[in-house]
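Below is one structure; the comments refer to it alone.
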Amino acid sequence: MTKNIVLAQGNGGQENAELISKIFYKHFKNEILEKSEDAAIIDGGRLAFTTDSFTVSPIFFDGGDIGKLSICGTCNDLAMMGAKPAYMTCAVIVEEGFSIDDLEKIVRSMKKELEVNQALIVCGDTKVVPRGSVDKIFINTTGVGIVQKSGISSNSVSEADTIIVSNQIGRHGATIFANREGMEFSSALQSDCTSLWPMVEKLLSEGIRITAMRDATRGGVAAVLNEWAKQSSVCIEVREESLPVSDEVRGICEILGFEAYNLANEGTFVLAVKSEDAAKAIEILQEFEEARHAAIIADVTHQYDGRVVLLSAWGSKRFMDLPTGELLPRIC
């Protein structure tokens, strides 16, 4: 590990995992934290608890803004543990000279997304720092959710499961890059930023047997699958042609030299469901506009435990490793 912090250590990939493991997990070690879930399950399994900080640049992007992102990000982490978002905190660090109109626009976005989740901001904090101390505005949100379905865990994926992705992948990361570079498309590429609880609630109410869920944020789908493979000691075999990727994202990946499965998402999640329920899960997800491209992408085996294998349409295979390097900093 490097002696000083580098941008790559915040990308959700290999360097980020190493930083968390060798610094934070080493000193904060406890059995709840070591489960490495999207949210901690506390109070005897009744509550889910999570926190996240948001530094996205630009703060307004196609499909959302830092305010919408701050609510979606935290509520989605609760939803991934089968918990209905309920109460949240909001801490804002804002730079001197920041536009009051922009601040109110951000807060209105937060309010709208809170209503989608039927959650409340119940306490918070505001700090104003001298010009140049932060880049415009940073937001932290912490959430508490009421667990509706217990036992959902990324440590429990098995050969009895099929892996599903809820939407086209890489849209958020590609949008942030395009907005930063001033790129324009003939079609409307925008972030997938959205709240996932309504979809999760419907899956649970329809009796879908969900083993694990994870929203594919920093590090994308590749990071999620690698974490699951290691945590559950299984091999996840991904069919490359099954990964739903839009033409716009493919184009940006060609420019960047990246793979879509490494790019961040903010409204797309990965599910491991019992194989007998996979077709029904797809049917339910596709009832939602935000999940109309939901697809089965992988099977679980024991061919290479702890690894993710990418199977091409031509019969070749290669490992899908955790992303490394800087990728796109400050995408959330």
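The values are calculated or read from the model by the stated rules, or taken from the named source; none is laboratory data. Just so it is clear, the structure is predicted and the values come from calculations on it, not from any experiment. Cβ: placed from backbone, ideal geometry, glycine included. Neighbour counts: every protein chain shown. Side chains included, ligands, DNA and RNA excluded: accessible areas come from the protein's heavy atoms. Shrake-Rupley method; radii C 1.70, N 1.55, O 1.52, S 1.80 Å.
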Test result for Phe185, out of contact with any Ser or Thr (no Cβ under 9 Å at 6 or more places or on another chain), modelled with pLDDT under 95 and in a helix (DSSP H, G or I) = no
inquiry  = Name the single residue that is surrounded by the fewest Cβ atoms within 10 Å (Cβ to Cβ) among those in segment 280-309 being over 24 Å from Cys193 (Cβ atoms) and out of contact with any Ser or Thr (no Cβ under 9 Å at 6 or more places or on another chain).
reply    = Glu283
inquiry  = If I filter segment 190-200 for residues that are polar (S, T, N, Q) and closer than 21 Å to Glu37 by Cα, do I get at least one hit?
reply    = yes
note = In segment 140-182, anything among the hydrophobic types (A, V, I, L, M, F, W, C), in a helix (DSSP H, G or I) and under 19 Å from the mean Cα position of the chain (by Cα) is listed as Ala174, Ile176, Phe177
query = Among the residues of segment 1-32 satisfying the criterion of being part of a helix (DSSP H, G or I) and touching a residue at least 24 places away in the same chain (Cβ under 8 Å), which is nearest to Ala222 (Cα to Cα)?
reply = Gln14
query = Given the conditions (1) open to solvent by less than 60 Å² (accessible area, probe 1.4 Å); (2) in contact (Cβ under 8 Å) with a residue 60 or more places away in the chain; (3) of a type in the set (S, T, N, Q), which single one is not true for Ser242?
reply = (2)
Filter result for Thr217 (within 23 Å of Ser195 (Cα to Cα), in a strand (DSSP E or B) and either of a type in the set (Ser, Thr, Tyr) or without any contact (Cβ under 8 Å) to a residue 40 or more places away in the chain (or both)) = no
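For (1) of a type in the set (A, V, I, L, M, F, W, C); (2) in contact with a Lys or Arg (Cβ under 7 Å, 6 or more places away or on another chain); (3) open to solvent by less than 10 Å² (accessible area, probe 1.4 Å), each residue gets a yes or a no:
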| position | (1), (2), (3) |
| --- | --- |
| Gly124 | no, no, no |
| Val128 | yes, no, no |
| Arg131 | no, no, no |
| Asn155 | no, yes, no |
| Gly170 | no, no, yes |
ask   = When you go through (1) open to solvent by 70 Å² or more (accessible area, probe 1.4 Å); (2) closer than 30 Å to Glu206 by Cβ; (3) touching a residue at least 12 places away in the same chain (Cβ under 8 Å) one by one for Lys111, which number turns out not to apply?
value = (3)
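Scan segment 33-61 for residues that are more than 26 Å from Ile5 (Cα to Cα) and either open to solvent by less than 70 Å² (accessible area, probe 1.4 Å) or among the hydrophobic types (A, V, I, L, M, F, W, C) (or both) and jot them down.
Ala40, Ile41, Ile42, Gly45, Leu47, Ala48, Phe49, Phe60, Phe61, listed by residue number.
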message = Take the residues in segment 310-326 that are touching an Asp or Glu at 6+ places or on another chain (Cβ under 6 Å) and surrounded by fewer than 18 Cβ atoms within 10 Å (Cβ to Cβ); name whichever of them is nearest to Ala223 (Cα to Cα).
response = Ser312
note = The one condition Val249 fails out of (1) under 20 Å from the mean Cα position of the chain (by Cα); (2) β-branched (Val, Ile, Thr); (3) in a strand (DSSP E or B); (4) buried (at least 19 other Cβ atoms within 10 Å of the Cβ) is (3)
